[in-house]
Structure formats: structure tokens, C-alpha cells
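Report on the structure given below.
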Amino acid sequence: MEMTAQSKTAKQTKKVERIVAPPPRHWVGDGFNVHGFFPHGPLTGERMSPFFLLDYNALTDFPPREEPFGVGPHPHRGFETVTIAYKGKVEHHDSRGGGGIIGEGDVQWMTAGSGLLHKEFHEQESNRKGGPFQMVQLWVNLPAKDKMTEPKYQTITNAEMGRVKLPLGGEVEIIAGEFGGVKGPATTFTPVHLYNLKMKQGETVELAFPSGYTTALLAVEGSALVNSDEKLPVNSLALFERDGEQLRVAALEDGIFLLMSGEPLNEPIAQYGPFLMNTQAEIAQAIDDYRQGKFGYLEG
Ligand code: MN
């Protein structure tokens, strides 16, 4: 009887559904040369919800240039963009007068909500010098009731992140959600966990999320063994089944692994370029509002 009780409470493994090799790169503007992991193939917006898009600029050496590298003014509505700078710096400006620099190791969590225009470039000084550049942009969808929320930024410096030390000198940086009783600084509209697992070779981390959550792991640096039997090469993504709770990451070398997990929204998705809404009527409205200048003005 005791055995039965135990096996009922024991957490089930969240199995690896697939290992996704980095898709061919494409340019976003002239500044971001990204592997677009999703939405792509079987990794649809519905499958990846509450996440919608993952663009990964794998480590790249940019040449020194006077002209700014990046992407000029463009609108967003209905979701959040999370920019994580691993190497290099990103500078942004928006139609509401906001702007700033996302430094190496820092995160910008932008809630586009009802909409704004912004531009994203390599930071001026580092652009002139050139050098290593490595960045993630993750789109987190907003539930219908919050799509038209007031736009806002959360600047999350590396020092502000939650931190849990690992036994061999690595650590878990918590950007959003909670790990080991430590919370991350980002506020989210629905349950989202986002961590950098900064691991030393031979270190193992056990993680648990509610069954039903969408969960994925991106190898930003180094390779890992996931759930003891699935090899995750550098620059690849592990997508986990929604069923099950527990997963294990073992670093095969010193590395950085970006873990994302969140509760799916289970709402219809309508997308047109930089607008992410629930219905085609809302997309038509967004295009109309954009054409009428309701997203504001931003110089190129
Ligand atoms: Mn953008």
C-alpha cells in the first residue's frame, strides 16, 4: 500500500518530444542574423503557447561599422518581446519617448500591449568597435483580456536576477517565475518561468513544472544531456512533452542553457507580422490603427 501511495505522489518525467537543430539563419533588418526556432514546422504558435516566437542570434562576430546595424521603426501589438543579450549590447527607442541600452547579461521585457513603434539596433559604441554578438528574442503572448494593456518596459539587469548557486560553481539565473524558492524580478501576465542555467561541466539540475505547461530548453553555450538520455548540442532546442512535471539537465561541458516554461493560453491566435491578436477583425483593426498613426511616430 505504501508503495502505491508513493508512486502516486512521485513526479512524472517530462519527456523530450524532439530535439530541434538550428533552422537556417535569416536576417531581421541588417543587425540580427537569427535562427527562427518558432513558429516553424511542428513548433506552431499554438504548440508553443504562451510563447509565440523564438529568434536566436547565435554567437557571431560583427565587423566594425559606422552605420548602425539593426532594424528600423516597426509596430507591435498584443504581446511582449523579451530580449536577452548574451554578448554585445542592444539599443532601443520607441514612439513614446522611451529608450535605453540592453547590456551584456541583461534582459529587456517589453510589453507592447495596445501598441507602439520601436527600433532595435546594436549599441552605437560597440557597433563601431565590432565584436562578438549573441542574443535571444522571445515573444510571450498576452491573454485576450490583457492584449490592449498600456505598453511598458521592465529593464532587468543581470545583478537584479534571482540566483541559486549550483554545487560545482554554476548558478541558475531567474529572470521570471521561481526556482528553488527564489523568484525572478519580471512580472508576467500569465505564469511564465524563464531561467539561464549557467552550468559547470558535470553539474546536474533537476527542474519541475506543472503538467500541461509548454517547456523548452535552448543550448546557448555548450551541450547537455537531458533526462539522462537525450543529447542537446549547442545552438539546438529541446522541446518537452506537455505531460509530466520533472526534467533533468546535465552539462557535458561548461555552458548556458535558456529554460522557458509557461501555462498555455488556449485561446485562438491571429498573427499578421508584428501584430498578435485573437481574431482577424482585431488584426484588421491593428493595421487600420497603425495606418492612422495611432501607434505614434518614430524617426528612422
Ligand atoms: Mn521589435
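Brief remarks on what is shown
- Extension gain, residue 204 to residue 248, is 15.1 nm, computed as 0.36 nm per intervening residue step minus the present C-alpha separation.
- Built amide H within the under 5 Å cut-off of residue 14, gap 5+: 245, 246, 247
- Computed lengthening from residue 152 to residue 125, 0.36 nm per intervening residue step minus Cα-Cα distance: 7.1 nm
- Once the 1.4 Å probe is applied to the protein heavy atoms, the chain comes out at 44 Å² accessible per residue.
- Modelled label positions at residue 229 and residue 168, each set 7 Å beyond Cα in the direction of Cβ, lie 2.3 nm from each other.
- Dividing the summed helix terms, -39500 (n - 2.57) for each DSSP H run of n ≥ 4, by the number of residues in the chain produces a 222 nm estimate of -2500 deg cm²/dmol to the nearest 500.
- Rounded to 10°, Cα long-axis angle of helix 280-291 versus longest principal axis of the chain: 40
- Ligands, DNA and RNA left out, the accessible area of the chain computed with a 1.4 Å probe is 51% carbon and sulfur.
- Taking all Cα pairs closer than 8 Å and separated by 6 or more residues, the relative contact order of the chain comes to 21 percent.
- Förster radius 45 Å - calculated FRET efficiency between residue 66 and residue 183, Cβ distance, rounded to 0.05: 0.60
- Where both bridge residues fall in the chain, DSSP classifies roughly 95% of the beta bridges as antiparallel.
- Across the range 211-277, counting alpha-carbon atoms alone, Rg and Dmax equal 14.5, 41 Å.
- When both the range 167-214 and the range 67-116 are represented by their alpha-carbon centers, they are found 23 Å apart.
- Extension gain (nm, one decimal) between residue 26 and residue 294, 0.36 nm per residue minus Cα-Cα: 93.5 nm
- Chymotrypsin sites (Phe, Trp or Tyr not before Pro) restricted to the range 239-300 and DSSP loop, no more than 13 other C-beta within 10 Å: 297
The values are calculated or read from the model by the stated rules, or taken from the named source; none is laboratory data. Predicted model only: the values in this text are computed from it and were never measured. Here Cβ is always computed from backbone atoms with ideal geometry, including for glycine, and neighbour counts include all displayed protein chains. What goes into the accessible areas is simple: the full protein's heavy atoms, side chains included, and nothing from ligands, DNA or RNA. Shrake-Rupley method; radii C 1.70, N 1.55, O 1.52, S 1.80 Å.
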